[in-house]
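To keep things clear, I will list the structure first and then write my remarks on it.
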Amino acid sequence: MVSEIWMPSPHYSTSRGPYNKIVFHTTEGAMTIEALGSWFANPSAGCSSHHGADQYKRTLGAYVYEQYKAWTQGNANPYCLSLEMCAYASWSRSTWLGKPVLLDNAAEWLRYCVDKYAIPWTLLNDSQAQNPDVRGICQHVNFGSWGSGHHDCGGGFPMDVVIDRAREILAGGGTPSGTEGDMAVACYTWQDQNYYAGLGTNGEVKFRQPGGEFFAVDTSQSGAKSGCGLTITTAGKVTISYTNGKGAACIYERASGGGTWGWASISPDNSFR
């Protein structure tokens, strides 16, 4: 469950399709969940969202019951769960990263939706977002004219940070501590910001990016012997290298833009010792 304040909007439909997409929006004006609630309650507004998040409190605004269709992304409305973040699409990445409460709220909402509706962690491209049957996570901009032609959340929105923070939140509560015991840590500077990879005390491969905490990239993995190496391409693809418990050289990789981590052994016969 998430903490929320109920501020009902009259702008919704009782019929909807299957919820296949989790969608992030920016308000482009309202900077608190209360101000957003006032706007959604305005009879002339003609719009709404399921939830809203701001930078000032660790709770969400709730405006439309989830069993109903909110009015915020045009033709995509029947298939979407929507969060309005009290923010501007013009914000740079550094501005977004300076709003940790807002990003934590967004991450908690994302995790809640993923868990409740079994929506995959897939980050959708434009064509996938515009297919009602494809399930995953996207921004309003990905819908194009089908979703009213909006441009939020903007090129600076750190979707990778929000997804990573959401994945840190374990079912049943809590996030991993940002302070580990003895860690072998690698640092890589990308776009003038520092990123870190290291091994936790139980040999878990962990990653940390600006504004976040160390988290395990694969919660089922442990027992690594040494590492880590860390590189990030110009496009933003992250590669973490390490040696596993059998002595094999292995990597975790995450595509640019965030999302799930893929694993591979680069010495499957354990020849690297």
For helix 100-117, what angle does its Cα long axis make with the longest principal axis of the chain, in degrees from 0 to 90 and rounded to 10? 90 degrees
According to the square roots a ≥ b ≥ c of the eigenvalues of the Cα gyration tensor, what is the shape class of the range 91-159, taking rounded for a/c under 1.5, prolate for a/b larger than b/c otherwise, and oblate for the remainder? oblate
For a 24 Å ceiling on Cα separation, which of these pairs sit above it: K21/K69; K69/K116; K69/K99? K69/K99
A correct Stokes-Einstein calculation for the range 185-265, using the alpha-carbon Kirkwood radius, 25 °C and 0.890 mPa s, returns a whole-number D in µm² s⁻¹ of 196 µm²/s
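Explain nothing, just the number: dipole magnitude of the range 4-168 about its Cα centre with +1 on each Lys and Arg Cβ and -1 on each Asp and Glu Cβ, in debye rounded to the nearest 20.
Numbers: 12 positive and 15 negative charges, 32 e Å.
With only Lys, Arg, Asp and Glu charged at Cβ, the dipole is about 160 debye.
Could you please report the charge total around A166, scoring K, R as +1 and D, E as -1 over all other residues with beta-carbon less than 12 angstrom from its beta-carbon? All intermediate terms of the calculation are to be shown ahead of the outcome.
Numbers: positive: R111, R165, R167; negative: D104, E108, D115, D160, D164, E168.
Net local charge, A166 excluded: -3.
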Where labels lie 7 Å past Cα in the beta-carbon direction, separation of A255 and S3 in nm: 3.6 nm
Compactness index (Cα Rg / 2.2 N^0.38 Å), the chain: 1.07
Straight-line reach from K246: which aspartates and glutamates fall under 15 Å, measuring Cα to Cα and dropping same-chain residues less than 8 apart? E204, D269
Which one of P132, S3, A106 is farthest out on the positive end of the charge dipole of the range 1-159, using unit charges on Cβ (Lys, Arg +1; Asp, Glu -1) and the Cα centre as origin? P132
Using a 10 Å cut-off around each Cβ, can you sort W261, W96 from fewest to most neighbouring Cβ atoms? W261, W96
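Counting only other residues whose beta carbon sits under 12 Å from that of V2, what net charge do I get with K and R as +1, D and E as -1? Walk me through the numbers on the way to the answer.
Details: positive: R58, R111, K116; negative: E4, E66, D104, E108, D115.
Here the charged neighbours net out to -2.
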At what distance in nm do the modelled label points of T32 and D192 sit from each other, each positioned 7 Å from its Cα along Cα→Cβ? 3.3 nm
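Find out how many positive minus negative residues lie around G156, taking Lys and Arg as positive, Asp and Glu as negative, among other residues whose Cβ is under 15 Å from that of G156.
Working: positive: R93, K99; negative: E28, D152, D160, D192.
Around G156, the surrounding residues sum to -2.
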Using only Cα atoms and rounding to the nearest 10 degrees, what angle (0 to 90) does helix 159-168 make with the longest principal axis of the chain? 70 degrees
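A short reminder: the numbers here are calculations on the coordinates, not readings from a lab. All of these numbers come straight from a predicted model, not from anything done at the bench. Note that we place each Cβ from the backbone using ideal geometry, even for glycine, and neighbour counts take in every protein chain shown.
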